[in-house]
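Some notes on the structure that comes next.
A short reminder: the numbers here are calculations on the coordinates, not readings from a lab. In this text the structure is predicted, and so the values were computed from the model without any measurement. Glycine also receives a Cβ, built like all others from the backbone with ideal geometry; neighbour counts cover every protein chain displayed.
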Amino acid sequence: MYKLIAIDIDGTLVDSKGEISEENKLAIKKAREKGTEVVLTSGRTPQSIEPIAKEIGANNYLIAGNGAMVFDIKENKVIYGKYLSKKKVLELIKICQENDIFYNIYLKDKIVTETIDYNILYYDSENKNVAPERRVNIEIKNDILNFIKKYEGDDFLKIAICEQNKIAFERIVEILKNMKQISFLDMKQRTVKTIKSENGNKEIAYYYTEIMDDEVDKWSALKFLIKKLKIKKQEVLAIGDNINDEEMLKNAEMGVAMGNSYPRIKEIANYIAPDNNSNGVADAINKHNT
């Protein structure tokens, strides 16, 4: 039996409708009853993760911003944080604006954007189909640059960049490769999201990356939590589907990729579970946390 199970949210725990199946909830409940710590590890903000964590009974800790933050739910406080500096955020905003690239900024309690498009369009669509407490807090600012200049906090979790044109996206990636004090997701293929509306579902596809501090990844945050909980990496099971899950799947004793995972994630996994519409999380827990 594993002492800690780390679970990604989008594309992993939730299905394409943004819902958690009863099978997944039951498997998590049984794992917790055995004494296993269950921790959600997501690129989302803590504000967006916490209601989902409570829904599955994972009420102790959560990992947000791809590992930029570990949040103690019971104590309602950040216990680990690795943020982008304001100077670096302003530099990245300037690059995006000069190259006419869509971007948005993830803070502790919200996502700041100038328009509803790409990943923000997906969250906005999801917000309309989930309970109020599950909604992502999206704030539209006419001038993000000016907002950030005046912003007094330091909780810059990450910046998301989206682009439909492959050449324009690759140009930005080349710029990012030459920058210091950042890490970013090296996504080679387009992201496809399902947007729900009154007229039915439609898919949107775009190239996408996320920029964090250079010390940020989900496994680094998990290492902090492992040490705090006094357990070993050999006692960790990790489940994910995307590039931001790569380090935790490679380093956990049991790394599980969902059936809908990026090919690269499947290649490094110890086990491939069914996809997120087929109770893949339940399958992984029931098979490996015995």
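Annotations
- For the pair segment 138-190 / segment 75-98, the C-alpha centres are spaced 10 Å from each other.
- Interchain or long-range residues, amide H under 5 Å from LYS158's placed H: TYR106
- Between 0 and 90°, nearest 10: helix 86-98 axis offset from the chain longest Cα axis: 60
- Going from the residue with the fewest nearby Cβ atoms within 10 Å to the one with the most, TYR106, TYR122 rank TYR122, TYR106.
- For the chain, a crude dipole built from +1 on the beta carbon of Lys and Arg and -1 on the beta carbon of Asp and Glu, taken about the Cα centre, is about 740 debye to the nearest 20.
- Förster radius 30 Å - calculated FRET efficiency between LYS287 and LEU229 (Cβ-Cβ, nearest 0.05): 0.80
- With the charge dipole of the chain set up from +1 on Lys and Arg Cβ and -1 on Asp and Glu Cβ about the Cα centre, the Cα lying farthest toward the positive end among the listed residues GLY65, PRO132, CYS162 is that of GLY65.
- For the chain, alpha-carbon Rg relative to the globular expectation (2.2 N^0.38 Å, N residues): 0.95
- Exposure proxy order (Cβ contacts within 10 Å, fewest to most) of MET258, MET187, MET69: MET187, MET69, MET258
- Taking the Cα centre of segment 139-290 as origin and assigning +1 to Lys and Arg Cβ atoms and -1 to Asp and Glu Cβ atoms, the resulting dipole is close to 220 debye.
- From the C-alpha gyration tensor of segment 86-213, square roots of 5λ in Å: 24, 20, 12
- Segments 156-167, 263-274, 7-18 sorted - mean Cβ within 10 Å per residue, highest first: 7-18, 156-167, 263-274
- Full-extension gain in nm, ASP117 to ILE268, via 0.36 nm per residue minus C-alpha separation: 51.2 nm
- Placing +1 on the Cβ of every Lys and Arg and -1 on the Cβ of every Asp and Glu, with no other charges, gives segment 1-98 a dipole of roughly 400 debye about its Cα centre.
- Look at the alpha carbon pairs under 8 Å that are at least 6 residues apart: their mean separation over the length of the chain gives a relative contact order of 22 percent.
- Residue exposure sequence - THR194, THR209, THR290 - by fewest surrounding Cβ within 10 Å: THR290, THR194, THR209
- With Cα atoms, 0 to 90° folded angle of helix 166-177 axis to the chain main axis: 80
- Summing charges over all other residues whose Cβ lies under 12 Å from the Cβ of ILE272, with Lys and Arg as +1 and Asp and Glu as -1, gives -2.
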